[in-house]
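Let me begin by presenting the structure, written as structure tokens, before commenting on it.
The values are calculated or read from the model by the stated rules, or taken from the named source; none is laboratory data. This one's a predicted model, so the numbers in the text were calculated from it and none came from an experiment. All Cβ positions, even for glycine, are placed from backbone atoms using ideal geometry, and neighbour counts span all protein chains on display. The protein model used for the area step is the full one, side chains on, heavy atoms only, and it has no ligands, DNA or RNA in it. Shrake-Rupley method; radii C 1.70, N 1.55, O 1.52, S 1.80 Å.
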Amino acid sequence: MKRFVFLALLLAFALPPAQAQLFKGLFKKKVPVADSIAGMERLGEVMNLIQTQYVSDPNTDHLSEEAIRHMLRTLDPHSIYIPAREVQRTNEALQGNFEGVGITFAVVDDTIRVQEVLAGGPAEKVGLLRGDKFLRIDGISATGDSAVNSFVFRHLRGKKGTIVVADMLRGSDSITFHIERDRIPIHSIEVYFMEDDSIGYISLLRFARSSVNEFRSALKSLKKQGMKSLILDLRGNSGGYLDIAYGLANEFLSPGKLIVYQQGRARSRQDFKAVRYGSFREGDLVVLVDEGSASASEIVSGAVQDWDRGLIIGRRTYGKGLVQTMYNLKDGSQVRITTARYYTPSGRCIQRPYDDGTDAYNKDIQRRYKHGEMFSADSIQFPDSLKYKTAGGRTVYGGGGIMPDIFVPMDTTPATRYYRDCRRKGLLNQFPQYWADLHRGDTLLKDFDSFIANYARLDIDSAFVAYAAAKGVVMDSVADSSQTPVVIVPQTKPLLEVDRFLHRQIKGLVSDCLFGRGHYYRVMKEEDPVYRTAIATLRSKAAKQ
């Protein structure tokens with residue numbers, strides 16, 4: 001007869017000895033031994049009864065996974081279990097690579113189209129081009145019902161050195177490519193550029209293994225172009241590895257300055273200090289954050305703010321300051337267990353409260369929206385007990401997340417009906433690829449700068465309006481709302497005058513299709529109030545110097 005043991009012991013004995021001892025130590029400090037044994041025996045009894053008495057054969061693997069998930073969920077919102085089948089995909093973004101052919105793609109009109117061919121990757125080496133369309137992958141149709149993301153991941157990713165046969169459509173020609181899969185880097189930085197002669201911009205998407213090296217490379221390029229002030233965009237960056245956050249913050253601080261420290265019930269305080277002169281220790285610095293900036297993003301933001309190294313602009317960050325330690329189980333699955341909390345140099349705890357349970361915790365961003373925090377800094381109240389001081393004597397607050405030095409409310413500009421209809425129909429995904437496929441050889445599209453300079457001559461806005469009309473979305477306006485029924489007349493104004501935001505989006509999305517990911521934001525930044533505030537702040541500061 002199979003016998004089940006308490007899942008905590010199952011986890012402990014499945015770990016290597018040193019990690020197992022630490023895992024067991026999480027329980028022994030506050031839980032009496034008699035109570036621990038009683039709990040283990042009780043769960044063992046229940047599992048044994050299920051195994052021997054349940055009406056049908058139980059799925060014990062599923063039961064154990066659900067039990068582990070629930071046990072961790074009752075601890076805190078960030079302790080999690082990852083089944084073996086999901087470990088690789090879960091860790092890919094942070095490891096900074098995967099094995100595949102080296103493209104990004106989009107599904108448009110039941111067709112999988114190559115959106116970007118990664119430089120130096122397998123697909124580029126055999127000659128795939130942006131805009132190519134998949135007909136078959138390894139002899140299996142890649143159109144119609146097969147044209148979904150999961151199909152592409154399943155058939156293009158695979159072990160390094162294996163071959164994938166791709167039948168592609170380029171214009172009216174069918175071409176077959178034999179692509180040898182290889183290790184593909186996942187970049188943390190997709191866009192960086194100079195705003196003017198002195199202000200540079202870098203957007204960091206995640207804190208992965210390659211992030212610090214990517215940052216240094218981007219910084220070096222911008223410095224060669226004359227950069228003296230930097231905007232680091234961490235909005236939507238949900239974090240990553242602690243040592244990478246520490247390494248990035250090190251780029252801004254002088255040796256010996258505390259970047260972050262962590263401390264837990266079973267772990268004594270551990271300080272992380274800058275150890276060498278960073279590559280951008282001088283020069284004006286602005287860090288952009290929002291409610292999607294979490295964990296490692298908050299470590300960097302907190303260190304920059306507490307040392308008065310730069311200004312934080314945007315909205316209050318997520319508030320994720322729990323440290324997870326990863327443990328590998330024998331079957332290839334993993335558990336990530338919270339073992340400590342992060343604290344900024346001034347002593348602020350980054351983690352927001354989670355006493356009301358995981359559901360309430362996960363709905364905190366919605367609560368902020370309803371409470372008005374996204375639109376007004378005045379709606380955010382901090383008790384005096386959470387007051388701290390920066391190195392320069394400025395007051396900052398703990399209690400969860402990093403409150404920016406300059407608050408910028410969420411843009412409340414209402415979307416037009418025309419924009420909503422176009423988005424609902426998927427036209428913002430379809431048209432850019434459609435137009436790019438028709439015009440890739442145009443002499444006015446030599447590079448991104450040529451595209452921007454010639455945008456009006458290319459008349460892309462009119463082409464979009466015509467495309468949308470063919471798909472059943474007509475730009476119109478109410479001629480006289482007093483009449484019954486309401487009279488609708490065709491809109492004859494240029495798209496820029498009717499919907500400036502939609503005009504920018506079309507421009508940005510087409511540039512992404514033509515020149516690769518990252519160009520979209522170079523267009524959309526003009527409609528970004530947080531970015532514009534950062535630019536105005538840096539220029540004002542420079543004018544006073």
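Here are some notes:
- Classification of region 408-448 by its C-alpha gyration tensor yields an oblate form. The axis ratio a/c (a ≥ b ≥ c) is 1.5 or more, and b/c is at least a/b.
- Seen against the Cα atoms of the chain and their longest principal axis, helix 460-470 is set at about 80 degrees.
- Ranked packing of 358-364, 290-296, most packed first, by mean Cβ within 10 Å: 290-296, 358-364
- Note on region 200-288: with neighbouring protein chains present and a 1.4 Å probe, carbon and sulfur make up 45 percent of its accessible heavy-atom surface.
- Fraction of accessible area attributable to carbon and sulfur, region 371-465 (%, probe 1.4 Å): 50
- Whole-Å distance, taken between Cα centres, linking region 414-475 and region 279-358: 39
- Cα→Cβ-extended label distance, 7 Å offset, between residue 148 and residue 355, nm: 4.5
- Residue 434 contributes about 100 Å² of solvent-accessible surface, heavy atoms of the protein only, 1.4 Å probe.
- Each Lys or Arg adds one and each Asp or Glu subtracts one; over the other residues with Cβ under 14 Å from the Cβ of residue 171, this totals +2.
- Figure note: 435, 307 ranked by solvent-accessible area, largest first, 1.4 Å probe, ligands and nucleic acids not counted: 307, 435.
- Heavy atoms of residue 209 accessible to a 1.4 Å probe, total area in Å² rounded to 10: 110
- Among 462, 297, 172, the order of accessible area from largest down is 172, 462, 297, computed with a 1.4 Å probe on protein heavy atoms.
- In region 360-483, taking the dipole from charged Cβ atoms about the Cα centre, the farthest positive-side position among 436, 426, 455 is held by 426.
- For residue 254, net neighbour charge (Lys/Arg +1, Asp/Glu -1) across residues whose Cβ lies under 12 Å away: +3
- Scanning residues 5 or more positions from residue 259 or on other chains, those with amide H under 5 Å from its amide H are 272, 273, 274, with H placed 1.01 Å from N in the peptide plane.
- Using a Förster distance of 25 Å, the FRET efficiency for residue 89-residue 243 (Cβ separation, nearest 0.05): 0.65
- For region 58-214, the equivalent ellipsoid derived from the alpha-carbon gyration tensor has semi-axes of 32, 26, 14 Å in decreasing order.
- Rounded accessible area per residue of the chain, 1.4 Å, Å²: 50
- Region 149-170 versus region 61-123: alpha-carbon centroid distance in Å: 17
- Geometric extent, Cα atoms of region 366-478 - Rg, Dmax (angstrom): 23.1, 64
- For residue 411, the solvent-accessible surface with a 1.4 Å probe is about 90 Å², rounded to the nearest 10.
- Hypothetical label at residue 73: residues of region 347-382 whose amide nitrogen lies under 13 Å (7 Å Cα-Cβ projection): 357-362
- 3J(HN,Hα) from dihedral phi, region 429-446, Karplus parametrisation 6.51/-1.76/1.60, rounded to Hz, x for glycine, proline: 8, 7, 4, x, 5, 4, 5, 4, 4, 7, 10, 4, x, 5, 5, 7, 10, 4
- Each Lys or Arg adds one and each Asp or Glu subtracts one; over the other residues with Cβ under 15 Å from the Cβ of residue 463, this totals 0.
- Sequence of 412, 325 from largest to smallest accessible area, 1.4 Å probe: 412, 325
- Fraction of accessible area attributable to carbon and sulfur, region 499-545 (%, probe 1.4 Å): 49
- Using only side-chain charges placed at the Cβ, +1 for Lys and Arg and -1 for Asp and Glu, the dipole size of region 135-269 relative to its Cα centre rounds to 800 debye.
- Two-decimal Rg to Rh for region 281-354 - Kirkwood Rh, Cα set: 1.10
- Cα centre as origin, Lys/Arg/Asp/Glu Cβ charges: region 325-460 dipole, Debye: 240
- Relative to the Cα centre, the charge distribution of region 59-213, modelled as +1 at Lys and Arg Cβ and -1 at Asp and Glu Cβ, gives a dipole magnitude of about 480 debye.
- Rounded, prolate or oblate (a/c below 1.5 giving rounded, otherwise prolate when a/b exceeds b/c) for region 147-288 by Cα gyration tensor: oblate
- Where only alpha carbons of the chain are counted, the Rg and the Dmax (Å): 27.0, 81
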